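Read through the structure below, which is laid out as structure tokens, and then see the notes.
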Amino acid sequence: MAIDSKKTLRNKLIYEVYVRNHKGNGTFNDVIDDLDRIKDLGVDIVWFMPIHPIGQKNKKGDLGCPYSIADFTKVNPEYGTEEDFKKTIDEIHKRGMVCMIDIVFNHTSHDAKYLMEHPEYYYRKPDGSLGGKVADWSDITDLDYSNKNLWDDQIDALKKWSRMGVDGFRCDVAPFIPMDFWMRARREIGEINKDTVWLAETVHPHFLQMVRNAGFYVASDCETYSAFDITYDYDGQEKWTQYLNGEISLNEYLNVLRSQESTNPENYVKLRFVENHDNPRAKKVINNDTLLENWTAFTYFQKGCPMLYAGQEMKDSNLPDLFTKDMVNWNEDEADFVDFLKKLKEIKSDNIFADGMYKICRASVDGVIYAVYKKEERTLVGIFNVESKIGEISLEDMEHHKMFDLDIKDGTYDELIYGDKVTVKEGKIELSQKPMIIEVI
């Protein structure tokens, strides 16, 4: 973790916006019109998928992929003008939120400004041709970070957006780029805005191993924390997908999350999500609404920064196509789920999530996630019934090596999400089908 990263990022909520497919005509002004609703969800950080001009040579689909960028210093004219984007930033700030943009520095489109002006910036295959180090995605070509002039140009682009008011950068496949580059970028951007938030899209463990086996550089999550505040939870998400597919047990998945407590820096922050633009919609994967609530609540409860992908709050099951016009389905019938998310964010704002001791306990019932925060005399318990079990669950940590005492007194407590009463008797409570978050003494 960068030494000055703030643990309070664990209290924040990120909202991912794909301008083209968000609302209306797919412009910055359409996003502005939606900011009050976004703010009402409890959002702290609005993250825009790439806002830059899209390359046309070898483009995919009708409109091309936003991750195939022609110029890092311009805005996509589909979305509006640079002045429109500056107004968008200002409107985000007026509502007490911050603005994050996607940075895609590992590669460019085949008709990028760099390629025309600085062909020496590009990676070349042994035969001298352009291409990718690992995967030959047809619409992009990789850059060569041994060229320090490339570093200068890219950091200059970051400075432009920072001076305009951008508060953070979500950095695409950040581990493919030397951490020395990112540490320098962090230092120099910090001179413009010391509170800039740095989010790294880290990679799945199996992909990291594949890249290293091919002979190329890629940083691990713990290395990435030298420059970044937040990293993706792809080490956990990879196992979560295997669990949902019936390939591993729930406890095998949870063991990966438990290991994050010892393999990451003390002030680490993971991005927690059940969907994003690269993965299926949560509603598509988890069609049972009660189970969806359990997994969503666990996302917020975990140590880290939760994220919503626009449309998730409406249980949209369609993942917008990256390459065409494919608008979010704003299902207005999901008001109850929206209220549920608002309540989760209200709970997440408690400072116990920022600096309390955290543990995913060994539950007495298989198929149930039991996690705890402790801070001084306070204990916050989360119980997530992800396999619809019935019966009682013990509030004791069943692991032999216990991290802290969980001597929870019998009595009646308030459940914080739904406002129900929960009775603890002889150290046990009745399982609910719904998620439960309880403050106990």
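The values are calculated or read from the model by the stated rules, or taken from the named source; none is laboratory data. Please read all numbers here as calculations on a predicted model, not as lab measurements. When we count neighbours, we look across all protein chains shown, and the Cβ atoms used for this are built from the backbone with ideal geometry, even at glycine.
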Before we move on, is LYS6 among the basic types (Lys, Arg) and under 30 Å from MET357 (Cβ atoms)?
-> yes
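Do we find that VAL43 is in contact with a strand residue (DSSP E or B) (Cβ under 8 Å, 6 or more places away or on another chain), under 26 Å from GLU313 (Cβ atoms) and part of a helix (DSSP H, G or I) in this structure?
No.
Table: residues versus (1) free of Cβ contacts under 8 Å to residues at least 24 places away in the same chain; (2) assigned to a loop (DSSP other than H, G, I, E, B).
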{"site": "GLU223", "(1), (2)": "no, no"}
{"site": "ALA227", "(1), (2)": "no, yes"}
{"site": "GLY236", "(1), (2)": "no, no"}
{"site": "TYR253", "(1), (2)": "yes, no"}
{"site": "GLN260", "(1), (2)": "no, no"}
{"site": "GLU266", "(1), (2)": "no, yes"}
Got at least one residue in region 193-208 being in contact with a strand residue (DSSP E or B) (Cβ under 6 Å, 6 or more places away or on another chain), under 23 Å from LYS239 (Cβ atoms) and part of a strand (DSSP E or B)?
-> yes
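Residue by residue, here is whether (1) under 21 Å from the mean Cα position of the chain (by Cα); (2) within 16 Å of HIS22 (Cβ to Cβ); (3) assigned to a loop (DSSP other than H, G, I, E, B) holds:
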{"residue": "GLN56", "(1), (2), (3)": "no, no, yes"}
{"residue": "CYS65", "(1), (2), (3)": "yes, no, yes"}
{"residue": "TYR79", "(1), (2), (3)": "no, yes, yes"}
{"residue": "ILE92", "(1), (2), (3)": "yes, yes, no"}
Which of the residues belonging to region 347-378 are surrounded by 22 or more Cβ atoms within 10 Å (Cβ to Cβ) and β-branched (Val, Ile, Thr)?
-> ILE360, ILE369, VAL372
Filtering region 411-429 for residues that are exposed (fewer than 12 other Cβ atoms within 10 Å of the Cβ) and over 32 Å from the mean Cα position of the chain (by Cα) leaves a count of 6
Which one of the conditions (1) under 15 Å from the mean Cα position of the chain (by Cα); (2) part of a helix (DSSP H, G or I); (3) among the charged types (D, E, K, R) does ASP153 fail to meet, given that it meets all the rest?
-> (1)
Looking only at region 219-246, and only at residues there that are among the small types (Gly, Ala, Ser) and surrounded by 16 or more Cβ atoms within 10 Å (Cβ to Cβ), the one that is nearest to GLN302 (Cα to Cα) = GLY236
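Which one is nearest to LEU271 (Cα to Cα) among residues in region 288-336 that are of a type in the set (A, V, I, L, M, F, W, C) and without any contact (Cβ under 8 Å) to a residue 40 or more places away in the chain?
Applying the filter and picking the extreme gives LEU292.
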Got at least one residue in region 102-113 being in contact with a helix residue (DSSP H, G or I) (Cβ under 7 Å, 6 or more places away or on another chain), in a helix (DSSP H, G or I), surrounded by 20 or more Cβ atoms within 10 Å (Cβ to Cβ) and at pLDDT 95 or above?
-> no
Hits in region 337-382 (condition: part of a loop (DSSP other than H, G, I, E, B), in contact (Cβ under 8 Å) with a residue 60 or more places away in the chain and under 24 Å from LEU308 (Cβ atoms)) = SER349, ASP350, ASN351
Is it the case that some residue within region 191-198 is modelled with pLDDT of 95 or more, buried (at least 20 other Cβ atoms within 10 Å of the Cβ), touching a helix residue (DSSP H, G or I) at 6+ places or on another chain (Cβ under 8 Å) and within 26 Å of ILE360 (Cα to Cα)?
-> no
Looking at region 295-305, is at least one residue in a helix (DSSP H, G or I) and modelled with pLDDT under 95?
-> no
Those residues of region 114-150 which are in contact (Cβ under 8 Å) with a residue 12 or more places away in the chain and assigned to a helix (DSSP H, G or I), in sequence order = TYR114, LEU115, GLU120, TYR121, ASN149, LEU150
Scanning region 1-57 for residues that are of a type in the set (Gly, Ala, Ser) and over 27 Å from GLU223 (Cα atoms), which turns out surrounded by the most Cβ atoms within 10 Å (Cβ to Cβ)?
-> GLY55
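Conditions tested, residue by residue: (1) farther than 24 Å from THR231 by Cβ; (2) among the polar types (S, T, N, Q); (3) touching a Phe, Trp or Tyr at 6+ places or on another chain (Cβ under 7 Å); (4) buried (at least 18 other Cβ atoms within 10 Å of the Cβ).
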{"site": "ASP278", "(1), (2), (3), (4)": "no, no, no, no"}
{"site": "LYS284", "(1), (2), (3), (4)": "yes, no, no, no"}
{"site": "THR290", "(1), (2), (3), (4)": "yes, yes, no, no"}
{"site": "ALA297", "(1), (2), (3), (4)": "no, no, yes, yes"}
{"site": "GLY304", "(1), (2), (3), (4)": "no, no, no, yes"}
{"site": "LYS315", "(1), (2), (3), (4)": "yes, no, yes, yes"}
{"site": "LYS325", "(1), (2), (3), (4)": "yes, no, no, no"}
{"site": "GLU332", "(1), (2), (3), (4)": "yes, no, no, no"}
{"site": "ALA335", "(1), (2), (3), (4)": "yes, no, no, no"}
